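Working notes for the structure below.
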Amino acid sequence: MRVIVTGGAGFIGSSFVHLLDKKGIDYLVIDKLTYAGDAENLPDYNKLLVKDICDVTAEDLGEYDYVVNFAAESHVDNSIDDGDPFVYSNIIGTYRMIELARKNKNLKKFIQISTDEVYGDLKDLKLKIAKETTPVQPSSYYSASKTAADHLVSACGRTYNLPFIITRTCNNFGIRQNNEKFIPKILNNIKEGIAVPVYGDGHQSREWIWVEDNVQMIYDLMLDDMAGGVYNIGSDEAHRNIDIINYIGKELKKDIKFKYVEDRKGHDKLYRITSERDVFPTITKTLFEFLKEQL
């Protein structure tokens, strides 16, 4: 068995690669090593192809059984400033990969890694939780580009019989996460006595899952011969942003310096997901347990 992992030098992708490596499964990582990707995240540099997924060829891939597409521009703030990279990587890049994958006669499955953000702001939509059958209502160029990528994958499945799954997961936490992301940023700011930027009132609520629990679920779905279509991967652990910040300050016994800033354009207030398909990952670590380890 051989697995192609795009975006495998990033946060979630590298955790998946470490899982494959631990299980002795052959793989190839494809990553263009932007700011969010780091070769040092990988257990084996020799299994890394530094290349944009938009430029990958069949010869680059060789023989393989699975494609797991983590590659994506993912920072919402950046998508507001400039949507071009998100359309290019998330939409065109996914299209290039499914075009290659569908021509592989030995392909067992294409796994598209998506996000709960495709469902949009549940508060505005007057919903308490999103299921796999909930209509998508993306709010940002990031979530819209991921929605488009999901549709490309499912369309390829219908037209060309591409065997696929799409996983939509909640916010991940864990090691090797880029410092621009919420958890690493507030940890660093509080430790260093730097004011923590808070969008609006800080009452935005997110569901959180340990990255290792997420990638284990992705791995299990990859190998499940019966799996197909969309799967939500959640944890049932949700917190408001302001509560996470206050918790870290309390544990560090530090007075937090808040810097309230203008709310993000189109900022979603509430994400929450559940699965109608009995996909409930084993939760081995909560967010606050992880934070205690980091403090």
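Every number here is computed from the coordinates shown, using simple stated rules; none is lab data. All values derive from a computational prediction rather than experimental measurement. Please note: Cβ atoms are built from the backbone with ideal geometry, for glycine as well, and neighbour counts cover all protein chains shown.
At a glance:
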read-out: The range 1-35 - residue that is among the small types (Gly, Ala, Ser) and surrounded by 21 or more Cβ atoms within 10 Å (Cβ to Cβ) and, of those, farthest from Leu100 (Cα to Cα); value: Ser15
read-out: Positions within the range 190-200 being touching a residue at least 60 places away in the same chain (Cβ under 8 Å) and not hydroxyl-bearing (Ser, Thr, Tyr), in sequence order; value: Ile190, Lys191, Gly193, Ile194, Ala195, Val196, Pro197, Val198, Gly200
read-out: Some residue of the range 156-167 being small (Gly, Ala, Ser) and more than 30 Å from Thr284 (Cβ to Cβ); value: yes
read-out: Every residue from the range 14-40 that is more than 19 Å from Asn214 (Cα to Cα), out of contact with any helix residue (DSSP H, G or I) (no Cβ under 7 Å at 6 or more places or on another chain) and assigned to a helix (DSSP H, G or I); value: Glu40
read-out: Residue in the range 236-256 that is hydroxyl-bearing (Ser, Thr, Tyr) and under 17 Å from the mean Cα position of the chain (by Cα) present; value: no
read-out: Enumeration of residues in the range 272-287 that are of a type in the set (Ser, Thr, Tyr) and either closer than 23 Å to Lys123 by Cα or in contact with a helix residue (DSSP H, G or I) (Cβ under 9 Å, 6 or more places away or on another chain) (or both); value: Thr274, Ser275, Thr282, Thr284
read-out: Residues of the range 212-230 that turn out to be within 14 Å of Val68 (Cβ to Cβ) and in contact (Cβ under 8 Å) with a residue 12 or more places away in the chain, as a count; value: 9
